[in-house]
Structures are given as C-alpha cells and as structure tokens.
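Notes for the one structure printed next.
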Amino acid sequence: MSNYATNEGTARYRERSKDTVPHDHFRESQGLWMSSIGFGSYLGNYDEATDIRYRDAVVRAVELGCNKIDTAINYRFQRSERSIGKALDILFKDGKASRDEIIIASKGGYIPFDGAPPRDMRTYFIDTFVKPGIATPDDMVSGSHCMTPRYIENQLECSLKNMGLECIDIYYLHNPEEQLQEVTREEFHKRIKDAFETLESKVSQGKIRTYGTATWNGYRQEPTALGYLSLEELLGIAKEVAGEENHFKVIQLPFNLAMPEALVLKNQGVDGQMTSVLEASWKMGITVIASSSLLQSQLSKNLPEFIGECLTGLETDAQRAIQFVRSTPGISSALVGMSNINHVEENMKVAKIPPTSIDNFVKLFAGEEE
Ligand SMILES: NC(=O)c1ccc[n+]([C@@H]2O[C@H](COP(=O)([O-])OP(=O)(O)OC[C@H]3O[C@@H](n4cnc5c(N)ncnc54)[C@H](OP(=O)(O)O)[C@@H]3O)[C@@H](O)[C@H]2O)c1
C-alpha cells in the first residue's frame, strides 16, 4: 500500500462510494479522482471540543464521499492538522478508507503557534525557530511569514508529524503574495525559486507528491497590484528549477458567488494573451482548488431567490453556494470548512446531484430579470 493518494486508490474509493455519491462527483486531476467537494479546516476555536468536532467531521465527510482534505500548519495553531491526523487514524484502523484513497493538502508559510498562543511571542519565536537554526528575524516578512528553504523544510516535517503521515499529496506555499508587501519582485522571484527547489527535493525524497501556491489576493488582482501573482511566471520558475517534469501542479484561491474573479477577471498572461486564472490554469495543466466556497458562511443564508432558480434541486443556500463553485468549469474541488457534522451531512448532499448545466450557469451570470 502506498503512503500517498494514487490513481488506483482514489478510483477504488470512487467506486466504493457509488451507492452514496455518483461517479460524476469525482474529477480526475493530476491522475487522481478528487471529490468535487473538499473538506476545509481553517476556522474554529483552539480548544479540545473543536478538535473532537473536527475529527468526527472528517470521518463523516470521508464516509459520505469526500476524499479531499485541506489544512495548513497554522490553522487553529496546528490543532486542525492534529485533528485530521486523529480522523485518518480512525478511518484507516476501522477499514473505512486507506491512505491511497485520500488526497491530503497542507500549507506552510505562516508562523504557527503550538496549540495556543504563547505567553510571550518573542521568546516562543526565539526558542522554536532561532535557537534551532530554522529561521532568523530577518527571514520574516510582516513579522509572521517566511518561506526560506530551511523554514519550509521544518514546517513540512511538523505537518507530517501532526497528521501522522509519511507523505503529503499537495503542499502549498501559503499566501506567498504576503512577501510582496516587503520585498521587491526580483527578490520575491529569487525566494520562490529557492522554495521551489526545496519542494522539488521533497518530492524526490517522497515527502510530498506535488506542490503549489494557496493564495488569498494573489490571483484575484490586476497585474499592476503589489501582491499580484502571475501563473506563467511561477510555472516558468518551476521549469527553471526542474524542467518540464516539475511538480508545480496545484493552486488554490478563494472562489464563490461573491468572489468570481478566477472566472471573470482576465489577469493572467498565456503566450501573450490575457485570460482568466481558470483558463490559464487549464492551458498550463494546473489544478485549481477553490477555497472559501461559502465566504466563511456568509453565503449560507439570504441568497437572492433567482440563484435558487438557476441552481435547482437543492434545499438550502449553503448547498446552492457550494453547487455554484463545484459546477464552475475548471474548478476541481470546492473546499468547505465544516467542523459541524450536521454541516457535513447538509453539504455532502450536494454531491448526490450533477453539477448545474452550463445553460443554468450562464443564466446565473445574466443576473435577475426585471
Ligand atoms: N489562503 C488560503 O490558503 C485559504 C484561505 C481561506 C480558506 N482556505 C481553505 O478553504 C477552506 C474553506 O474556506 P473557509 O473555511 O475559510 O470558509 P467557508 O468554507 O466559506 O466557510 C466555512 C464556515 O461555514 C460554516 N458552514 C459550513 N457549512 C455550512 C452550512 N451548511 N450552513 C451554514 N454554515 C456552514 C462553517 O461552520 P462549522 O465549522 O461550524 O461547520 C464555517 O464557519 C478552509 O477551511 C481552508 O481549508 C485556504
């Protein structure tokens, strides 16, 4: 049994889940069958009750046909990764899933606390990062972000340990655009190159399978914006580092009914033409994962009625908002943060119906009729 998600494993999971969710709920991407709804683990308190809720929510999500799990080392001060690790342990021991069936993503870049905010931030930073030679204050941007090789290597090791894994399927640089607030674009490219070299070496060592960038503003801005990210440039750096066989394969950005930029903003150059992130990614063979599908729950209520007329067959606004994201051409998986098991059950019902038709999708963009 391999220690990462495989084509065979994810296809087996898809087949095994067919009485719960139809085959078209899974999309083949980077050789893996990925559920169109993914599990997010960002929000929530840093306490034991939330840890247990997340653990149980992950188990339930996997039972209901979700094989894409997203986290980051800093989420809930490492507690989300640890809860996911506990859930995976239960799923594997109970024979409800195997490692090769589940696609696990994590991120590094932000300074994570260890379970709770430290009493003294400076002492924590010095003891945890400076004394062991992992990072210096000069490596930091905005006092909280770092992507030097030594730091990323350390953070990846911590994530593996937190989740009890030997290999992570997708490892993202977390909001790398943060660096552009303080460093020049030239320096930024140098830092990206160093980070990609490290990540390529981690692929060779079998610690990760692919890597990418998980972002907030970077891909949703005009090219003139300070924190703008160009996919073509990033892929170019990956090619400089590892040629055509590079492993820069996945990006993540917010996409939802209120944040449609990935689809509508033509801010990415491909061979001299400007196009959207979704189209550019498709042309470059890069998988796109949507985050914040519910705009941090704000889209789970009071949606205009006409949205329900376009996204039919659903009972709640949360389901409609998720259906919009998973139906968007070019989105492989719509991440939804869900620590509440009732939310998992409500949201996974969407997977039972096909993505909305292109006609209805277009109607949605035409807006409400007078
Ligand atoms: N830059 C980045 O890399 C980045 C940024 C943002 C997000 N992400 C990833 O994307 C994931 C999703 O984004 P997100 O968690 O920020 O926001 P989200 O998925 O838009 O919303 C999550 C919130 O919605 C609530 N919710 C879930 N289902 C619901 C339902 N059916 N009805 C009402 N409320 C519901 C959740 O509550 P409960 O917890 O109580 O279930 C949680 O508070 C994250 O968890 C993270 O993995 C990445």
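Please treat every number below as a calculation from the coordinates, not as lab data. This is a predicted model, so every value here is computed, not measured. Don't worry about glycine lacking a Cβ; one is built from the backbone with ideal geometry, like all the others, and counts go over all protein chains shown.
Output the strands (runs of 3 or more DSSP E) that fall wholly within region 1-79 and possess 3 or more residues being away from the ligand (no atom under 14 Å from the Cβ) and more than 24 Å from Asp94 (Cα to Cα), or say none. I'd like the intermediate steps shown before the answer.
Details: elements: 26-29, 32-35, 37-40, 68-70.
Passing ranges, in order: 26-29.
So in region 186-226, with the set limited to residues that are within 15 Å of the ligand (Cβ to nearest atom) and either among the basic types (Lys, Arg) or surrounded by 19 or more Cβ atoms within 10 Å (Cβ to Cβ) (or both), which one is farthest from Leu295 (Cα to Cα)? Out of the qualifying residues, it is Tyr211.
Gly269 satisfies every condition listed in (1) within 22 Å of Lys68 (Cα to Cα); (2) in contact with a Pro (Cβ under 9 Å, 6 or more places away or on another chain); (3) not in a loop (DSSP other than H, G, I, E, B) except (1).
Going by what's in this entry, would Glu244 be described as in a helix (DSSP H, G or I), within 21 Å of the chain's Cα centre (by Cα) and more than 10 Å from the ligand (Cβ to nearest atom)? So Glu244 fails the test. For region 312-370, which residues satisfy the criterion of being more than 19 Å from the chain's Cα centre (by Cα), away from the ligand (no atom under 13 Å from the Cβ) and not in a helix (DSSP H, G or I)? Passing the criteria: Thr312, Gly313, Ile353, Pro354, Pro355, Thr356, Ser357, Gly367, Glu368, Glu369, Glu370.
Restricting attention to region 287-311, and to residues there that are polar (S, T, N, Q) and more than 8 Å from the ligand (Cβ to nearest atom), which single residue is farthest from His25 (Cα to Cα)? The selected residue is Asn302. Count of region 272-300 residues, restricted to those that are in a helix (DSSP H, G or I), surrounded by fewer than 24 Cβ atoms within 10 Å (Cβ to Cβ) and of a type in the set (Ser, Thr, Tyr), is 1.
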